[in-house]
Each structure stands twice: as C-alpha cells, then as structure tokens.
Amino acid sequence: MKSYKELTQRYLKANKKRTILTIGGIAISVALIFAIGSLLESLNKRQLNDTIKSNGNYHAAFMDVTSSQAEKLKNSVEVKEAGISRTLGTALIHEDKNNKDTDEWLNNAYVEVKAYEDKTFNIYNVELEKGNYPKDSSEILLPEAVLNIFGKSIGDTIELEIGERYSPTNGVILDNNSYSDDEIIRNTIKKTYTIVGVRKKTFAEGPKTYRGITHLDDTSIYDGHYNVSVIMKKPKHTYDTTKKMAENLNFNKIKLKNGEEGYNIEYNENLLRLIGGSIKENYNASRDRIIVVIIGLVILSTIATIYNSFNISVMERKKEFGTLRSIGATPTQIRSIVFREGFFMASIAIPIGMIVGYFGLLVLLKLLTIFLSTVMNKMELAGIGATITLRLVIITLVISIITVFLSAYIPAKKAGKISPIEAIRNTTDIKVGKLKSGKLSSKLFKAEGYLASRNLRRNKKKFRITIFSIAISIVLFIVFNSFVSMSLKVNNFTARYTPNYSCYFGSSTLSPSEDDIKAIKSFRGVDKVYSKLFSSAIVSVDDNKLNQKADLSNLKDPESNQINLYNSSFVYPGEDGIKELKKNISKGEFDEVSLEKENGVILFQTNISRNAGKSTYVDYTTYDVGDYIKFYYNHDDYNSEKAPEKVKVMGIIEAPFGPFDYKEGGVTMFTTKKVLENIKMDNGGKISSLAIETLDNEDEGLKTYLKDITKKNNGYFNDTKENAREEKQFQIMMQIFLYGFVAVISLISAINIINTITTNVLLRKKELSMLQAVGMTTKDMHKSIYLESLFCTFTAWVYGTIVGAGISYFLYGTASKSVEFKWDAPIEAIFISLIGSIIISLIAGIIPIRKLRKENIIENIRRESI
C-alpha cells in the first residue's frame, strides 16, 4: 500500500453491502431533489406559458405616452424588448341590415380596435386560427365570433363606428370590464377594414368585449398617444425600474384606482408573480419561505439518512482507526479517510440519482397520463413533463455535495478523535453510570421490557442519533401532509373556475325558464348547470363585526365613518349550485325551511384586502351563525333616511366555489329564490347567467341548443370548453402530484426508520449472542428486540409530533400572509404517523431477527463488527 488513502477503496470493496446501501441512500435522496426540481421547473414553465398565452409576454405597459416618449422607452438600457400599440376605440356590435340572421341580442357586445406594430403581435401572443396578420392600417384581425355576427369571412370588408364608451350618469369612460345601463359610444368615426385573418379570443378580454387588431404604421406620422409594452432585462425589479424610467422621462402623474397619485403604468402581475417580481411582497416572501422549508426538510432527511450510514461505519471501525492511529496516522488523515469515502460514494451516487430522478419522473408522469386517460375522462397532463436545465443540474449537484459533506463531517470529526488504546480495547461505547431503572416498562412487559429500556439508555449518544433519525422521518410526513392541505386551501382561493359553456343574459325582461334548464340537463353528458339569480347590495358593517386584519379604509363613508361593502351581492345558485354549496358549508347548515322562515343566508365573507402594496385574502367581517347583516338596496336608499334591511346568517363557507363573482370590496350571500322574493332582491325571477359543466360524452346538439337559448333571451354565449378542460386537468394533476409527493416522502421516511432500527440491532450481534449464550431464549430475545424498536419509535414519534406541528404552524403563518385561513392542527397526519411508525418499527424488528436466526452464536461472539 503506497498511501493511507488507498484504505478508502479497500474498505468500500470489503464491505460491498454497506457501500451499496449507502450509495443507494445518497442516490435516492439526489433523485428526490432532482425530481422535485424538475417537476417544479416543468410546472413553472407550464404556468408561464399559460400566462403568456392569456396575458401576453411583457412585464409592464406604459400607457398614454407620446411618440417621442415611446421611442425613448424602446431604446432604454433597462428594456430588453418593447412593442408599441394604440387603442383606436370601441365599436358597438349592431344589427347588420344585410344579414337578417343577426339578432337584437348582439347589441350587448363590443369590438375594441387596437393597432399593433410587428413586435407587439409577438409580445401579446396574438394567435391566428386562420389567415394572415395585418400588414397596414387598412387590414384587421377579428375573432371568429365577430365574423359570425356580421356574416363576414376573410377577404371581406367591414365598417365599424369607433369611439369611446362613456357613462353620462357617472361621467366616466368605461373599460372592458365595466358596464353601465346608460352607456353610449361617443366621438365616433367610421373606419373600413379588410378582414385578413381570424384570431383566438383570450381570457384577458372581457366577456362582452372582442378585440380587433390592425397594424400600427410608423408612429412618427401620428400625433396622439401610445401604449408601450416592455420586456425588462431585470424583470424581478420591474416595479422600481419602471417608476424610475417614468420619472426620468418626466411622465405626468395621474390619480390611480386606489385613490393615490402615480404613473400610468400597467403591470403583468400574473407573469411577474411567477418570476419573483410581484409587487405583493407577502406573496414573494411566503413562496420563498415555504420553498426553503420544504427543500430544507428534504436535505435534513437526506443528511440524517447518510449520517447514520457514515456514523455506523465509524463505530464499526473504531478498532481499525485506533490501529492506524497507533502506527502514526494523524487525526487529519483519519478524517480524510472518512471524507474520501463519502465523496467517492457521492461521485457514483449523484449521477445515478439524477438519472433515476429524471426517468423515475418520466415513468410517474406516464402512469399519471394513463390514469387520467382511462379513469379521469380521457384527460392528459398537457404541458407537464420531466425537464432538465443547466440550473437544475448545478443546484442539485451543489445541494448534494453540501449534504454529503455535512453528513460526513461529525463522523469524520469523531473518527479523528479516537484514542488508539481505547479504540483497540473497544471501551468507549458503553460508559459506567447510573441509568433509569425502567420500572414502568418492566411492569408492563416484564424482563424483556426492562432489558429493552436499559439497552436504549445505556449509550445516550447512540440513542439520540437513532431518535433524531426516526423523528426526522415523522416530521417530514406531518409537515408535507400539512403542506398539501394548505396548498389545496390556497388553491381554492386562487384557482380560476372555468365552466365548459356560459350563457349571459343582460335583458331586464327575458331569461331562460325552468323548462329550458330542465331541457339542458336532459342532454347527454351534462354534469352540472348553475343557474344564477343575482342582485347587488350595499352591506353596512358595524365596527364590532369588522375584521381588524382587513384594510377597508377605502370603503369608509367620509360623513358617517361607516364601513360599507358596496360590491356585496345576493345569489341564488340554482339546484346544482345549492348541492355544491351544502358540501362547502363549514359552520351552520342549509335548511331551506329555516332559511325562508328567517330570511337566512349562507355567507362567504373572504376577499382581497390591499394594503401598502400587499394583497391578502382575508375575512372582511367576523359574522357568525345567528348574526344579522344590515344592507341597503342601492345608493339612493343608503343616502336617504330609510332604515337598512336585515338578513340572518344561517351558515358560513370558507372557500369560493362555482362560477360566481366574488367581487373585491364585498361579501357574497347565498340563499333561496323564496328569500330573494321576501327581501325584494329576485329581479323578478330573471336568471342572469348559466354555467354548464359537461363530461366527455356530451350530446353534439347541446352547444346548438345553448346558442338558441341565449339568442332567444337577448343574451350571449361563450364557449370555454377547451380552457375548462386545461384548467381542470391542471388542478387534478396538482392534487395527484402533491399526494404523490407525500407518498414518496412516506416511502423514504419508512426506509430511513427501517434502516436505522435494523442497523442498530445488527451492530449488537455480539451482545445479543452473549445473552443467548447465558440462557436467554430466542422468544425472549425477539420480544426484547420488538419492544426496543417500539420504545425507540414511540419516543421519536413524540418529539417528531411536537416539531412537525410547530413547523406546520410556521408554514401556516407564512401562507396566511397571502391567504387568510384557519389553521387545522395536523391531527390526522399525527395519528397516521403513529400507526405507520408502529407498523414500520415492527417490520424493522423482523428483518434483523431473521438474519440472527441464520447465524451462529459463537461466531457472532467472536465477531468485531457486522
């Protein structure tokens, strides 16, 4: 042997089983980290693509700037790419005299005409269904629905009267998502365009507004104002950078929607949120903290697993290390041997782990795809796959190397401190001293329990290491269960509900009948029909019913100092909606007789609260079952001396459901038709909208029937089937991923517990054989091993439960900064972890017992190690 370093490979070869187990442990941990990272990369990519598809690929848009300012913005050193656009105006879709099939109902829809330069088409991700992009200002792109309305096709010309939507009563210009009964189109000009292509409608457009896009010619020939959409070089600093840019270019400040003064800049918040540039600091901080905790726990479990292996290896070789020390090896050289072993095994395990993680994820996703396609209505994991990026490889590599180093550090340090004489005599493991007698264990389990209890306590360091390793597994299980539960709760607030078909009815006199709804339900494949009766109201909240966590100062009446929730509403959700409502009630109940007798409502009182750039889902009010809510029908009633009306809270839901508008600045009150009649809020029984969910086997005639119903009742029809399908499969995939993640964590935890207990017993072959030699029966020895496993696991479960519940509460505190919800103690996870750990500990006891049965007592007594 030329160098002591050669001992590393000699030992690893001589102990092939232990080497393979350690490499396997490292590889599994690396595979888990790599698979998590790969899936997160894929999910983030999918969300980015979806957001870009619906909202556009830009970070901010400077609104209403001059042509010279637009050019300066495009050439800014902070801007990677920019596109200029101009809003030309809005045209009312009216009856075309040359198309007799066009009905009066179309008057409720609009075409907003915008002009884009070439780059802007890419920035806003304008997708063609057919045809070409416009090349000059005489050509236009329109959605298929508009062509159908006017009876036009590609190549035809279309004349539009373009102006601005204006509400004379309110004195304001209306945007896409605002509507007024008295609105008009003013300052109109007639424009004739040639239709050159058909574009897809996106979610960014309002439900009653279609977008027509023409070409923006050279901006230098225009006077007037433009919009500049920019992709920033440093998107995480978009908010600060754009404000500095506006300040440097002397932009005028305007009064923003929140009442404050600021620059007229719109932000693609959905995109910025995904890349860590959200203005909602609480969202960024919450996300980062949760990711750190989750990854930290995975790393900690990895350290515990690998540490056990290295520590056991050092304990086995104390005599060997003592011999090396006695012939001149320094502590540094001994530490070097342990570190070399660790990094040698890591050099093999890390590449294997990455490969296993990647292909394991591919197999998992393939199995999920098969499951979704055969069980879940032929769904697929659209846009989700195993992703490899250089960043992911580097992060996994760095985390793995740090993990192996930390895992080997203490055992290496311990090995370097071994005294040659004590190591050769092998007297350091057991120290003479007083131990607790274990009276309770001896009373309950007799001599075997007494022996098991004392065996655990005689080497405190070893006992603590074993407890720590098992406790980490229990902590992991509890925390990840809590994480899944919280993720699903947050998702209930942030997920976008999309029905397959929607029908909107704006007429004050016409709406579908009950027979129409029954006819819709009779079609094959119809799953749910939400028929909504809706009425707005102003809820007046007493101070003692306000949630102090909600910042509602902008809703305070300056004269009376009363907080009024102006965007509140009463909703009858239809028969199917009531069924879903009953499933979501967390307090109280939906009893139709009681509701109609008491004028009762089921209350949803959670919504967005904005404060200092932070947006949080929080309870606006603290109403409870039995409380009365005061409300006014409208502003006139509120401003008069009329007393407010009252309804009684009969139940509370804590999460939104269905296709209902939970408007910011208001609470939503669900009730029956009869109650709406009693309080004169039923709008004459006129249904305002229908939302239809369908299965894959839907009748082909359903869509035609829905179109006929909407046209007959002066409404408009919206087909979002493909969007609903994508959203639904994404939600299902997220749930399967989260629960699958818990399953993987549970498996790793189980392996760690089994490995820890099994190794702990096998290291004591000599001792157990000596007990058998002095008369202990095989049955008694087995019982002692089982009890030792149970005592050890139960102790670890107590510590793991305390720590796991604490981390669960920490995660709750972090997540609740974005969405306020009630913390549920992880009782179910704690109970499952107790039962699971007991079963696993018994299995862990069986493995070494089977090995000991096959071995010779005398040989084990002579043996120095396993």
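Is it true that some residue in the range 221-236 is at pLDDT 60 or above, of a type outside the set (F, W, Y) and in a helix (DSSP H, G or I)?
Residues of the range 221-236 at pLDDT 60 or above: 224-236.
From what's left, of a type outside the set (F, W, Y): 224-225, 227-236.
In the following step, the residues that additionally are in a helix (DSSP H, G or I) were identified as 235-236.
So far as the range 221-236 goes, yes, one or more of its residues are at pLDDT 60 or above, of a type outside the set (F, W, Y) and in a helix (DSSP H, G or I).
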Exercise. Only residues that are surrounded by 12 or more Cβ atoms within 10 Å (Cβ to Cβ) and not in a helix (DSSP H, G or I): list them for the range 696-709, please.
Key: E698, D699
Quiz prompt | Residue check for K648: surrounded by 16 or more Cβ atoms within 10 Å (Cβ to Cβ), assigned to a strand (DSSP E or B), at pLDDT 80 or above and basic (K, R) | solution = yes
Quiz item: So how many residues does the range 541-596 have that are touching a Phe, Trp or Tyr at 6+ places or on another chain (Cβ under 8 Å), aliphatic (A, V, I, L, M) and part of a strand (DSSP E or B)?
Solution: 4
Practice problem: Only residues that are under 13 Å from T214 (Cα atoms) and either surrounded by fewer than 17 Cβ atoms within 10 Å (Cβ to Cβ) or of a type in the set (D, E) (or both): list them for the range 134-156, please. | Solution: K135, D136, S137, S138, E139
Exercise. For S313, work out the one condition from (1) at pLDDT below 75; (2) surrounded by fewer than 18 Cβ atoms within 10 Å (Cβ to Cβ); (3) not aliphatic (A, V, I, L, M) it doesn't fulfil.
Key: (2)
Quiz item: Which one of these does F251 not meet: (1) in a helix (DSSP H, G or I); (2) farther than 27 Å from I33 by Cα; (3) at pLDDT 75 or above; (4) not charged (D, E, K, R)?
Solution: (1)
Quiz item: Out of the residues in the range 772-784 that are in a helix (DSSP H, G or I) and out of contact with any Leu (no Cβ under 8 Å at 6 or more places or on another chain), which is surrounded by the fewest Cβ atoms within 10 Å (Cβ to Cβ)?
Solution: K779
Practice problem: Report the residue count in the range 517-559 for those that are under 12 Å from L690 (Cα atoms), out of contact with any Asp or Glu (no Cβ under 7 Å at 6 or more places or on another chain) and hydrophobic (A, V, I, L, M, F, W, C). | Solution: 3
Self-check item: Pairs with Cβ under 6 Å, 6+ apart, first in the range 595-616 and assigned by TED's automatic domain parsing to the domain that holds G666 and under 23 Å from E580 (Cβ atoms), second assigned to a strand (DSSP E or B) and at pLDDT below 70
Solution: I608/S615
Quiz item: How many of the residues making up the range 338-382 are at pLDDT 85 or above, over 27 Å from the mean Cα position of the chain (by Cα) and of a type in the set (V, I, T)?
Solution: 3
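Give the residue that is modelled with the highest pLDDT, with candidates limited to residues of the range 1-20 that are assigned to a loop (DSSP other than H, G, I, E, B) and under 17 Å from G342 (Cβ atoms). Working first, answer last.
The first filter runs over the range 1-20 and keeps only residues assigned to a loop (DSSP other than H, G, I, E, B), leaving 1-5, 15.
In the following step, the residues that additionally are under 17 Å from G342 (Cβ atoms) were identified as 4-5, 15.
Values: Y4: 66, K5: 68, N15: 73.
So the residue we want is N15.
Consider S531 carefully, then state whether it is closer than 20 Å to N634 by Cβ, assigned by TED's automatic domain parsing to the domain that holds Q605, small (G, A, S) and part of a strand (DSSP E or B).
Spelling it out, it is not the case that S531 is closer than 20 Å to N634 by Cβ, assigned by TED's automatic domain parsing to the domain that holds Q605, small (G, A, S) and part of a strand (DSSP E or B).
From I807, I840, I832, I827, which residue is within 25 Å of N311 (Cα to Cα) and either modelled with pLDDT of 75 or more or surrounded by 20 or more Cβ atoms within 10 Å (Cβ to Cβ) (or both)? Can you show your working first?
Working: I807 fails: within 25 Å of N311 (Cα to Cα); I832 fails: within 25 Å of N311 (Cα to Cα); I827 fails: within 25 Å of N311 (Cα to Cα).
Being within 25 Å of N311 (Cα to Cα) and either modelled with pLDDT of 75 or more or surrounded by 20 or more Cβ atoms within 10 Å (Cβ to Cβ) (or both) holds for just one of I807, I840, I832, I827, which is I840.
Among what's in the range 192-215 and is of a type in the set (K, R) and either under 15 Å from Y110 (Cα atoms) or modelled with pLDDT of 90 or more (or both), pick the residue that is surrounded by the fewest Cβ atoms within 10 Å (Cβ to Cβ). Explain how you work it out, then say what you get.
If we filter the range 192-215 for residues that are of a type in the set (K, R), which is where we start, we get 199-201, 208, 211.
Restricting the remaining residues to those that are either under 15 Å from Y110 (Cα atoms) or modelled with pLDDT of 90 or more (or both) gives 201, 208, 211.
Working: K201: 20, K208: 16, R211: 23.
Top of the filtered list is K208.
The values are calculated or read from the model by the stated rules, or taken from the named source; none is laboratory data. Note that the coordinates shown come from a computational prediction; the quantities given were computed from them, not determined experimentally. Glycine gets a Cβ as well: all are built from the backbone with ideal geometry, and neighbour counts include every protein chain shown.
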